[in-house]
Amino acid sequence: MDYDTLAYVPSLLPRSTTQADTFGIALHELAHGLGINSNITGQNTLLNEDEDEDSEEDEETTVDTPSAPASDTASTPATPDANNSDSSSTQDNKPYSSNTYGSWAEHLRDDNGRSMQPEQAILCSECENPYSDKAFDVRKDKGYFTGQYVCEVLVGSMPGVPVKIMAEDGKLDTDYMSHIELKNSLMSHQNYRNYTTFMEAELAVLQDMGYQIDRRNFFGFSVYGDNQTIINQRGYSLWDAAGQTYLSDQYNNSTLGLGLHIYGSHNQLHQAADILTSGAGAAGIRVDGENNTLIIEPGTRVYADGLNGRGVMFTYGKDHNFIHQGDIQANGEMGIAAIFDFGNNLLGNTAEYRGSFIRFVDAEDAELLPELKGALVDNVDISGRLAGTDAAIYIAPNALVNNINILSGARLEGAIYSDYNQKDDNGQQRLTQLTFGKLADANGRATDDANTNFNLRYDNNIEGINNLALELSGGQTSLNGTHQLYSVNVASGARLGGNSQYTLNGNGLFNNHGVIAPGNSMGRIDIQGNYQQGQDGRLLLEIASDGSGDIFTVSGTADLNGQLTFVPQAGWYPTGWTQDTRDMLSFGSTVGEFSETNSQIESATLKLQITPQGNGLYQLSMLRDNNAYSQYALDDNARRVGRALDQIVMNAQSDLHPLFSTLDFANSTTIANVLNQLSPANYSAMFASSLNREQQIADIISTQNTSTSDLSETGPRAFAIPFGGGFWQDRQGNRVGYNASSYGVIFGAEKPYEADHDWTLGFHGAVSGQTVKVKSPENGTGKTTAFNLGLHTRYTQDPMAGLYLFGNGRIGIEDGSMDHSVRIGNYRTNNQSDWTGLSGSLMAGGGYNWKLTPELSAGPVAALNYTVLSHPDINENGCGSACLELDAKNVNSLRSSIGIGSTLDLSRATGQGIKASVQLTWNHEYLDTDLVQNTNFSGYDNVSFSSKNRIASRDSAGVQGNLSYQINKDVTVNVGVSSDLFRSGYNSVSGNAAVNWRF
């Protein structure tokens, strides 16, 4: 026998394709040496019991060694010597058991379940021993080995492990039941064996023979029966011999260990427990038999991470099915996650070689056995993870898989290989359909329907040029690698992307009835072979503003039909942008032409013009309307910004390219929103808020009360008035929406005029701050800090009756800042600005009180207030692009207030007590209520635009209330509250608290 000289690598399948497996045969012979030997001999007569003691002693010393020892080197008797051939043949055909024998023979049973006895005649179909009811009867060749451990493994599927007295060729096997005839097993005497180590039942034989073997360390679970449905909760991991249990989440490290073995047929097994092994040559699951369905349940791990590890192996038979919803990996050196492989023959493939529709005996074609007349596996449905160092999926030259379906949820880490290359009786190639994107049913099986939601990216190679027919059934699949395939078909409703080179079999074709879109954005697909696009097919090519684009090449003939669609990617397309497709499309030769060329551009401002140039080439031009941006404005301010952009885009510099790139690939709603963000309208909210502050200070100073005691005292009085307020304006018409808050303190001193005590003269100052939050879409946050100094006066003879007058004036300085941003998708700016402005205010008014009672008076009141605000040129910074430059601006306001007031003074009699007043006025603005702000984008002074926003109402109602308490003649405390009413979309409330003291 020709033994292999391969460097030893542990493997559950014989590795040599031409020679006998040295390790496997050595292990076989070792088992014989351990006692797997019947000691049956062929002879004419029983040994003479009267032989001398020396003869008996000789027999005893050789009891475990048969005269014709069991061996793998011959399956038929050795050629007899010419001088005694008849005698030898007669002796072989008259087998008897030995008068003493080992533990193997003790466990042997005949066809009728009877144990073997010493010096017992053996009956078989080719034996010449006379019939005796006391003989060991294996005429049906149904003998077997049984024992406690064997029965434990077989679980009633067989009475014991089979032994045979007849060889496969129908002749007497002169090793006389010294082999375990499990199908294809290591310890069999069959002409074809694809095991290199013991099955679990064979280890159990050694246990029953008396050897101490921790079988659970090498096998998790074995199924020898047929027609069963099993939910396997038995896992396989590190074996704790002392505790007789598996340790969860720890790897078993036994060489050639196996988590699950399916030997029987027509079983459905659900693997629902983890299998973890890191032993060299070990595997998670091995499937033999016929028509078995293996289901890896969701969340179940099958890891074989040792050297040459195998996650799941299908190694013999036909019509199996595999449903994988869990996690399989073989991440050790030479690891394969899922393998479909009959392997080689332990005795060498020259003796016999088997596979799907393959059988050779003595290197010549032989009749197919029933279990070879079909694909090894019918359907493989993958919705879990497959990860292997050498391959995620491997199909050997001798194994056919009908269908491999990659379903939603699948993760493939590792290459896919198929070396199968066989034709059927009609000369047609036997193919494996490798399909991406079918819809799975509730049990994880692929249906015939496409899954429109399928989405998978696979970054590895697929190689099977003589076997793999790639089918894209539905959804989106991105393949990235170098692929050698028999054929490719993109079905209607499916989309194929990624960066790949496809080499096709000479008899195959790349068919497109769906969508082909090279790359994972921009990318490339090269086809070595012929391409055919149906009427329902579409080739989608992306182009970029820098002139690059997807590449699609066909080395052979391209039979064209359907659509050619160009997809411009977001970027800066200047006016007059053009590109040809010379570097994008390449065909060896063409038949027909695309029935339609079009563009798929997600832009509200751009249009792609496609002009045929002949020879499969096209000229691409990007067009932009004159009102590309302004057409989407929703108000005048936005329209002015849009018109400015319409002009600037013609000669835009690089600083604005990001803005235009983003706008050009935004929808109309987004553009409209951005136009408002780019407007300077948010600055109008700062003017409106500052105007409210100035008027609030003027009103507080004007409503300072003069009491009766004040008229009688000539000394100076000091006061401090903390104040604050909130103002809320909704976005209406050309009003910007904002929320504002103000806070500060007014301080000052006053005293009666010495020449006329009816007059009070004083000065005051104010320190205040404001925060303004501009609402969407303008957005922004502004802050101001202001300082004011001013003079005021009042006239009254009697605070409760008669004429009274008041007046005040101030000048101030204001430090302001504004932060706002422009946000569109990934485009961001942070516009910042700060400035120092000026303010001024004059107010004059008076009224008349009629005393209704000694404590109560009422009468008319009128006032006129003038306010001026100004800011210098404002330049935004920190924004990178789309910075605004605002022109200097002044705002003037002239507001009149006419109404009535009433005072209740309960402190007149005692000089102590409460004093309350209320005032209702109608306010009218005489000057322009709108702010027009001129501006331009930084660097584009020649293209200016403006915003126009209302910052004040023409008319409104004012309500003021004050409550004071005179503690004594020197100290008075006062609180006040006010609001403007009947301003559309506007609400406000402000208040103050004052302390006056005389010194």
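The values are calculated or read from the model by the stated rules, or taken from the named source; none is laboratory data. Given the structure is predicted, the values throughout are model-derived calculations rather than measurements. Positions of Cβ are generated from backbone atoms using ideal geometry, with glycine treated the same way; all protein chains shown enter the neighbour counts.
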Item to complete: Look at the range 290-307 and say how many of its residues are surrounded by fewer than 24 Cβ atoms within 10 Å (Cβ to Cβ) and touching a Gly at 6+ places or on another chain (Cβ under 8 Å).
Response: 10
Response to the item:
Per the filter on the range 853-879, residues over 16 Å from residue 806 (Cβ atoms) and surrounded by fewer than 15 Cβ atoms within 10 Å (Cβ to Cβ) are 853, 854, 872, 873, 875, 877, 878
Practice prompt. Mind listing whichever residues of the range 942-977 are under 57 Å from the mean Cα position of the chain (by Cα) and in a strand (DSSP E or B)?
Written response: 944, 945, 946, 947, 948, 949, 950
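If I ask for residues that are without any contact (Cβ under 8 Å) to a residue 60 or more places away in the chain and crowded, with 21+ Cβ neighbours inside 10 Å, which ones from the range 204-215 would you list?
Of all residues in the range 204-215, those without any contact (Cβ under 8 Å) to a residue 60 or more places away in the chain come to 204, 212-214.
Listed by number, the list holds a single entry, 204.
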Worksheet entry | Identity of the residue in the range 176-201, out of contact with any helix residue (DSSP H, G or I) (no Cβ under 8 Å at 6 or more places or on another chain) and farther than 19 Å from residue 317 by Cα, that ends up surrounded by the fewest Cβ atoms within 10 Å (Cβ to Cβ) | 189
Item to complete: State all residues of the range 581-614 that are in a strand (DSSP E or B) and of a type in the set (Phe, Trp, Tyr); if no residue qualifies, say none.
Response: 587
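A quick yes/no check of all residues on (1) over 16 Å from residue 685 (Cα atoms); (2) in contact (Cβ under 8 Å) with a residue 40 or more places away in the chain; (3) aliphatic (A, V, I, L, M):
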position: 812; (1), (2), (3): yes, yes, no
position: 819; (1), (2), (3): no, no, no
position: 827; (1), (2), (3): yes, yes, no
position: 848; (1), (2), (3): yes, yes, no
position: 853; (1), (2), (3): yes, no, no
position: 863; (1), (2), (3): yes, yes, yes
position: 893; (1), (2), (3): no, yes, no
Worksheet item: Which one of the conditions (1) part of a loop (DSSP other than H, G, I, E, B); (2) crowded, with 21+ Cβ neighbours inside 10 Å; (3) within 25 Å of the chain's Cα centre (by Cα); (4) hydroxyl-bearing (Ser, Thr, Tyr) does residue 408 fail to meet, given that it meets all the rest?
Response: (2)
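Just for the range 436-465: of the residues that are buried (at least 22 other Cβ atoms within 10 Å of the Cβ) and not basic (Lys, Arg), which one is nearest to residue 385 (Cα to Cα)? Steps first, please.
Pass one, the range 436-465, residues buried (at least 22 other Cβ atoms within 10 Å of the Cβ): 436-438, 440, 446, 454, 458, 462, 464.
With the extra rule that they be not basic (Lys, Arg), the set shrinks to 436-437, 440, 446, 454, 458, 462, 464.
On the way: 436: 15, 437: 16, 440: 16, 446: 16, 454: 16, 458: 12, 462: 17, 464: 21 Å.
Looking at the filtered set, the residue picked out is 458.
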Discussion item. Which condition from (1) within 25 Å of the chain's Cα centre (by Cα); (2) surrounded by fewer than 22 Cβ atoms within 10 Å (Cβ to Cβ); (3) small (Gly, Ala, Ser) is the one that residue 375 breaks?
Written reply: (1)
Worksheet item: From the list 479, 496, 504, which one is more than 25 Å from the chain's Cα centre (by Cα), in the same structural domain as residue 436 (by TED's automatic domain parsing) and in contact (Cβ under 8 Å) with a residue 12 or more places away in the chain?
Response: 504
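Applying the selection to the range 555-598, what residues are of a type in the set (Asp, Glu), touching a Leu at 6+ places or on another chain (Cβ under 8 Å) and under 27 Å from residue 503 (Cβ atoms)?
Narrowing the range 555-598 to residues of a type in the set (Asp, Glu): 559, 580, 583, 593, 596.
Restricting the remaining residues to those that are touching a Leu at 6+ places or on another chain (Cβ under 8 Å) gives 580, 593, 596.
The answer is 593, and nothing else.
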Worksheet item: Is it true that residue 599 is of a type in the set (Gly, Ala, Ser), assigned by TED's automatic domain parsing to the domain that holds residue 521 and modelled with pLDDT of 95 or more?
Response: yes
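Consider the range 178-189. How many of its residues are touching a residue at least 24 places away in the same chain (Cβ under 8 Å) and either of a type in the set (S, T, N, Q) or closer than 19 Å to residue 30 by Cβ (or both)? Before the answer, list the steps.
If we filter the range 178-189 for residues that are touching a residue at least 24 places away in the same chain (Cβ under 8 Å), which is where we start, we get 178-180, 182-184, 186-187, 189.
The next check asks that each one be either of a type in the set (S, T, N, Q) or closer than 19 Å to residue 30 by Cβ (or both); those that pass are 178-180, 182, 184, 186-187, 189.
Within the range 178-189, residues that are touching a residue at least 24 places away in the same chain (Cβ under 8 Å) and either of a type in the set (S, T, N, Q) or closer than 19 Å to residue 30 by Cβ (or both) number 8.
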Fill in: Cross-chain or 6+ apart pairs with Cβ under 6 Å, the range 450-463 first and over 9 Å from residue 437 (Cα atoms), then of a type in the set (S, T, N, Q) and modelled with pLDDT of 95 or more
457/478; 459/480; 461/482; 463/484
Discussion item. If the requirement is being over 33 Å from the mean Cα position of the chain (by Cα), over 19 Å from residue 479 (Cα atoms) and hydrophobic (A, V, I, L, M, F, W, C), which of these qualifies: 564, 617, 606, 585?
Written reply: 617
Worksheet, complete the sentence: Within the range 567-598, residues being surrounded by fewer than 15 Cβ atoms within 10 Å (Cβ to Cβ) and touching a residue at least 60 places away in the same chain (Cβ under 8 Å) number 3
Discussion item. Any residue at all in the range 179-193 that's part of a loop (DSSP other than H, G, I, E, B), closer than 20 Å to residue 41 by Cβ, touching a Pro at 6+ places or on another chain (Cβ under 9 Å) and outside the structural domain of residue 283 (by TED's automatic domain parsing)?
Written reply: no
Worksheet entry | Hits in the range 661-686 (condition: crowded, with 24+ Cβ neighbours inside 10 Å and among the aromatic types (Phe, Trp, Tyr)) | 683
Worksheet item: So which residues in the range 194-224 are within 29 Å of residue 348 (Cα to Cα) and in a loop (DSSP other than H, G, I, E, B)?
Response: 194, 195, 196, 197, 198, 199, 218, 224
Practice prompt. Exactly one condition in (1) out of contact with any His (no Cβ under 9 Å at 6 or more places or on another chain); (2) modelled with pLDDT of 95 or more; (3) over 18 Å from residue 470 (Cβ atoms) is not met by residue 521; state its number.
Written response: (2)
Worksheet item: Of these, 329, 325, which one is over 15 Å from residue 276 (Cα atoms) and polar (S, T, N, Q)?
Response: 325
Worksheet, complete the sentence: Over the range 877-892, the set of residues at pLDDT 90 or above, more than 29 Å from residue 924 (Cβ to Cβ) and among the polar types (S, T, N, Q) is 877
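Kindly evaluate residue 898 against the criterion of being exposed (fewer than 14 other Cβ atoms within 10 Å of the Cβ), in the same structural domain as residue 961 (by TED's automatic domain parsing), in contact with a Phe, Trp or Tyr (Cβ under 7 Å, 6 or more places away or on another chain) and part of a strand (DSSP E or B). Write out each step before concluding.
Working: exposed (fewer than 14 other Cβ atoms within 10 Å of the Cβ): no; in the same structural domain as residue 961 (by TED's automatic domain parsing): yes; in contact with a Phe, Trp or Tyr (Cβ under 7 Å, 6 or more places away or on another chain): yes; part of a strand (DSSP E or B): yes.
Taking the combined requirement at face value, the residue does not satisfy it.
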Worksheet entry | Single residue of 310, 301, 286 found to be of a type in the set (Lys, Arg) and more than 32 Å from the chain's Cα centre (by Cα) | 286
